[in-house]
Amino acid sequence: MPVRRTQDEALTVGEVARLANVSVRTLHHYDEYGLLSPSERSEAGYRRYTPSDLERLHAVLAYRELGLELGAIQELLSDPAADPMEHLKRQETVLNARLEKLLAMRRSLRKQMEAIHMGINLNPKELLEVFGEEDPTKHAKEAEERWGGTDAYRESQRRTKGYTKEDWLRISQESEAIEARFAELLAAGVSPTDQRALEAAEAHRQLISRFYYDCGYAIHRGLAEMYLADPRFTAHYEQRAAGLAEFVADAIKANASGRD
């Protein structure tokens, strides 16, 4: 958008149009709108743009590039307290806002693509309704690298591919109910070997088997070990209640004991 010129002579509308890569009609429109009027006229009455006019045009085009309407640009440029540096700062602020919006759109797009790859065929609105701020695709690549060659992973991919939003909502609600039950038992001081804790662990195992893959007791015990070994899984439970990760893991191990 090079519209500055080192010489001090005024320029014709055609010269300015070529320098700024805009049409003569656009410059006429800016003039009629009162946004940019040439400061001088030739003896024949033709418009002549001075260096200060080119500075203003540069600001106008910068704001237009950022998506501002002409009325908003006129209001900004009419501020008597604003100097060239102030306009640059404002343009940077607007640009940063646009960048944040674009980055958010990209994150949403990538999240949806990863969800589809995982077999979660939901649009962004549905993903938010089902999972809230929790990103179900966050560890998808890692999961594929670790378990992509297993029957359990392939079975989970096959099943979840056909799930609707209602299916995911039901899974989410059942998972929440089981975790809430574990937390209640922990708060009540119940031992992880108590029958009530074993029933919660069994409900957890059966949920996995019904919705994802056949989760035998050996596999379930392996999940319990992972809940303690992987700080991300531990944090998931600990944010609900301190000590919950260990309680869930112990209950799962107790439930699996002698049932391999």
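The values are calculated or read from the model by the stated rules, or taken from the named source; none is laboratory data. Model, not experiment: these values are computed from the prediction. In this analysis, Cβ positions are derived from the backbone assuming ideal geometry, glycine residues included, and neighbour counts consider all displayed protein chains.
Please find, within region 144-169, the residue that is modelled with the highest pLDDT out of those that are within 17 Å of residue 226 (Cα to Cα) and surrounded by 15 or more Cβ atoms within 10 Å (Cβ to Cβ).
152
Could you check region 33-54 and list, in sequence order, the residues that are loosely packed, with under 14 Cβ neighbours inside 10 Å, among the acidic types (Asp, Glu) and either touching a helix residue (DSSP H, G or I) at 6+ places or on another chain (Cβ under 9 Å) or not assigned by TED's automatic domain parsing to the domain that holds residue 19 (or both)?
Result: 40, single match.
Take residue 67 and tell me if it is outside any helix (DSSP H, G or I), closer than 21 Å to residue 98 by Cβ and not assigned by TED's automatic domain parsing to the domain that holds residue 91.
In short, yes.
Is there a residue being farther than 21 Å from residue 19 by Cα, part of a helix (DSSP H, G or I), of a type in the set (S, T, N, Q) and at pLDDT 75 or above anywhere in region 47-62?
There is no residue in region 47-62 that is farther than 21 Å from residue 19 by Cα, part of a helix (DSSP H, G or I), of a type in the set (S, T, N, Q) and at pLDDT 75 or above.
Is at least one residue of region 215-223 of a type in the set (Val, Ile, Thr) and surrounded by fewer than 18 Cβ atoms within 10 Å (Cβ to Cβ)?
Scanning region 215-223 turns up at least one residue that is of a type in the set (Val, Ile, Thr) and surrounded by fewer than 18 Cβ atoms within 10 Å (Cβ to Cβ).
Taking the condition of being in a helix (DSSP H, G or I) and within 12 Å of residue 64 (Cβ to Cβ), how many residues in region 17-32 meet it?
Number satisfying all stated conditions: 4.
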